[in-house]
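The values are calculated or read from the model by the stated rules, or taken from the named source; none is laboratory data. Model, not experiment: these values are computed from the prediction. A quick note on method: Cβ atoms are made from the backbone with ideal geometry, for glycine too, and the neighbour counts reach across all protein chains shown.
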Amino acid sequence: MSTTQQQIADAFRRRMEEVGYTGTTLDDVARALRISKKTIYVHFGGKREIYTYLVERQAAPEKARLAAMLAALPAGAARVEAAVRMVLDAGRRHVEQTGREEWLAQYEVAADAFRKANGDLIRELVQAGMDSGEFPPGDARLVEQMVTAMVVEYLLIVRDDPSFDRDEELLARIIRFIG
C-alpha cells in the first residue's frame, strides 16, 4: 500500500467517523487531502473499495488472533461455531454503534467487506472439516457464502430489533447446515 493510498484511506475513515458512510464523499476526501478526485480513483475504485479496505485492515489483527484461538479447539464444528460466534459479536457491536439508516445504506458494502474479512477463514475451516470427514464433501466456497448470507440477514433482524437474541439458534442451524 502506497503512502498516498494510506492517506486516502485514513482521510476517508476520519470523514466517515464524522458523517457516516452515506455522508462521506470522495470530494470530501479529495478536499481534505488537497488532491484531485482523479488521484483517488488511481488508487481505489471508489468509495466502496476504500470502505472494504478499511474493514479488511481493521479485521486483520482480529482474524490472526481468532485463527490462533481456533487452532486450540478440537474439531471443525467447534472451530466454525467459535468463528461465527466471534463474527456475530462483532456484528452486534457494529449494529449498536451505527444508526439504522446508515447501517441499511452500508448493508451491501458490509456484506462484501464481511466476505473479504472473514470469508477465507470460514472457508478454510469448512474445507478442513470436509477434508477430515467431519463435514460432508462439497464446495467450501458455496458453504462460506451461505453462512455469510445467514449471518448478514440475521444482523438485519438485530438492526431492526436490538433485543432480538437468537444467536444460539442461528449457530446451531449453521452447524447443522454445514454438517
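Details
- Selected residue [outside the structural domain of Pro136 (by TED's automatic domain parsing) and of a type in the set (Gly, Ala, Ser)] from Ala9, Ala72, Ala82: Ala9
- Filter result (polar (S, T, N, Q), more than 15 Å from Lys37 (Cα to Cα) and in contact with a helix residue (DSSP H, G or I) (Cβ under 7 Å, 6 or more places away or on another chain)) within segment 3-24: Thr22
- Residues in segment 1-25 that are of a type in the set (A, V, I, L, M) and surrounded by fewer than 14 Cβ atoms within 10 Å (Cβ to Cβ): Met1, Val19.
- Any hit, segment 43-55, residues being of a type in the set (S, T, N, Q) and assigned by TED's automatic domain parsing to the domain that holds Ala83: yes
- Residue match in segment 59-69 (condition: farther than 29 Å from Glu124 by Cβ, in contact (Cβ under 8 Å) with a residue 12 or more places away in the chain and in a helix (DSSP H, G or I)): no
- Flag if Glu124 is closer than 20 Å to Lys63 by Cβ, touching a helix residue (DSSP H, G or I) at 6+ places or on another chain (Cβ under 7 Å) and acidic (Asp, Glu): no
Matching residues to (1) aromatic (Phe, Trp, Tyr); (2) at pLDDT below 95; (3) within 18 Å of Glu62 (Cα to Cα); (4) assigned to a helix (DSSP H, G or I):
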position	(1), (2), (3), (4)
Leu104	no, yes, no, yes
Ala111	no, yes, yes, yes
Met130	no, no, no, yes
Phe135	yes, no, no, no
Glu144	no, yes, no, yes
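- Of all residues in segment 116-132, none satisfies being under 16 Å from Val80 (Cα atoms), among the aliphatic types (A, V, I, L, M) and loosely packed, with under 12 Cβ neighbours inside 10 Å.
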